[in-house]
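J.: Please read through the structure below; I'll follow up with questions.
The values are calculated or read from the model by the stated rules, or taken from the named source; none is laboratory data. Not measured: the values here are computed from a predicted model. Glycine also receives a Cβ, built like all others from the backbone with ideal geometry; neighbour counts cover every protein chain displayed. Heavy atoms of the whole protein, side chains included, go into the accessibility calculation; ligands, DNA and RNA do not. Shrake-Rupley method; radii C 1.70, N 1.55, O 1.52, S 1.80 Å.
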Amino acid sequence: MINELGDRIVDNVSLAVKGKRRELRIICAAMLAGGHVLLEDVPGTGKTLLARTLAKSVDAGFRRIQFTPDLLPSDITGINFFNMKQQEFQLRKGPVFSNIILADEINRATPRTQSAMLECMEERQTTIDGETYPMERPFFVIATQNPVEIQGTYPLEAQLDRFMIRLALGYPERSEEIAVIGGAAAHEISAVCTAEEIVKAQQEIDSCKAGEAVCTYIADIAAATRRHGSVKLGLSTRGAVALKRMACALAMASGRDYAMPQDVIEAAPYVVKHRLICRGYSGAAGGAETTADEVLRQVLDSVPVPTEG
């Protein structure tokens, strides 16, 4: 069952990442829904630790890519090199050919390199010298970016739509911080599930029922964001599909095989906000975050929640 698998992973990651069970539950649901995650927070809040610990919880391949301005697309996808001994070209695969990818500080890379990564995320494939190679399954990307330091970075804007969810961990409470200082390290975490279990869970999400009322509710939310006076670019159709799939993942993580409007409301802050481009947004980090929060609150207040019967 997906809820048992999700609890197993969250419990394991919580050994190292203290006091963030809600955030871990959301991230785990996004992974089981087949989406990707963007962690956006100040340095030192545990973004990389969370990604590493989550990867260690799954018996699957893990690679970390440190994004820098001089990183080339071929550095992450791979190249064909000429083997002098064999007298032939051979493919040297890049780090994206793995199951769980940590894309650290993704906004430091140039748009060209970001695009190569986004192709892998969206299309589940990459192109090297005109030939297409599929990604391994499961393929899950956790990207991080620092919203405070923007000098020398290439901020993601429309590209944010490729991430199913975005969230921030925030600073821990005092008791949680004490637990972090004396808690388990990431290298002490062992795997509690296999890659095959993750793939099977992702396939099970497809069987989750989202009735006409729930789908209509999601469509109404998307339409309301596009009509809102403070929004220049509202929720896309891809975003609406992601909202439905994330709601289904949260439903199945709760032990249900059907999604309810409450699942949509729970998923909305993580799926919708980063897809809204508000008027007056200059691209400065955090410049429209308050506005996006307010827009989403107004939209959820204005769209009628469907009821049974």
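J.: Under the 0.36 nm per residue contour assumption, what length would be gained going from the current alpha-carbon distance of F81 and E173 to full extension?
T.: Result: 28.0 nm gained on full extension.
J.: Further question on the same structure: Which Rg and Dmax, in Å, describe the Cα atoms of segment 78-172?
T.: For segment 78-172, the Cα radius of gyration and maximum Cα-Cα distance read 15.9, 56 Å.
J.: Count neighbours as other Cβ atoms within 10 Å of each site's Cβ, and list the chymotrypsin sites (Phe, Trp or Tyr not before Pro) in segment 9-94 that are DSSP loop with at most 10 such neighbours.
T.: Taking segment 9-94 and a limit of 10 other Cβ atoms within 10 Å, no loop chymotrypsin sites (Phe, Trp or Tyr not before Pro) are found.
J.: If you take the beta carbon distance between D301 and Q203 as r and set R0 to 30 Å, what does 1/(1 + (r/R0)^6) give as a FRET efficiency, to the nearest 0.05? Intermediate results must be reported in sequence, preceding the final value.
T.: Details: r = 36 Å, r/R0 = 1.19.
Result of the calculation: an efficiency of 0.25.
J.: For the chain, modelled as a GNM with alpha-carbon contacts under 10 angstrom, which of A103, A168, A247 fluctuates the most?
T.: A168
J.: Please report the antiparallel percentage of DSSP beta bridges with both residues in segment 1-158, rounded to the nearest 5. Before the final figure, lay out the partial values.
T.: On the way: 10 of 23 bridges.
If we restrict to bridges inside segment 1-158, about 45 percent are antiparallel.
J.: Taking amide hydrogens as modeled 1.01 Å from N in the peptide plane, which residues meet the under 5 Å criterion relative to V231, leaving out close sequence neighbours?
T.: R279
J.: Loop sites only, by DSSP: take the GluC sites (Glu not before Pro) in the chain that have at most 12 other C-beta atoms within 10 Å and name the longest stretch containing none of them.
T.: Looking at the chain, 1-156 is the longest stretch - no exposed GluC sites (Glu not before Pro) with at most 12 other Cβ atoms within 10 Å.
J.: Give me the percent of the accessible area of segment 5-138 that comes from carbon and sulfur atoms, probe 1.4 Å, all protein chains in place.
T.: 47
J.: In the structure displayed, which of K47/K209; K93/K273; K20/K244 lie more than 29 Å apart, Cα to Cα?
T.: K47/K209; K93/K273
J.: Ignoring solvent entirely, what values of log10 I(q)/I(0) come out of the Debye formula for the chain at 0.07, 0.08 Å⁻¹ when each Cα is a single scatterer?
T.: -0.28, -0.37
J.: Could you calculate the FRET efficiency of E4 with R226 from 1/(1 + (r/R0)^6), where r is the beta carbon distance between them and R0 is 41 Å, rounded to 0.05?
T.: 0.60
J.: Rounded to the nearest 500 deg cm²/dmol, what is the calculated helix-only ellipticity per residue at 222 nm for the chain, with -39500 (n - 2.57) per DSSP H run of length n ≥ 4?
T.: Dividing the helical sum by the residues of the chain leaves -13000 deg cm²/dmol.
J.: OK, next. Taking a probe of 1.4 Å, how large is the accessible area per residue of the chain, in Å²?
T.: Value returned for the chain: 47 Å² of accessible area per residue.
J.: Give the calculated FRET efficiency between E88 and R137 to the nearest 0.05, with a Förster radius of 25 Å applied to their Cβ-Cβ distance.
T.: The computed FRET efficiency comes out at 0.30.
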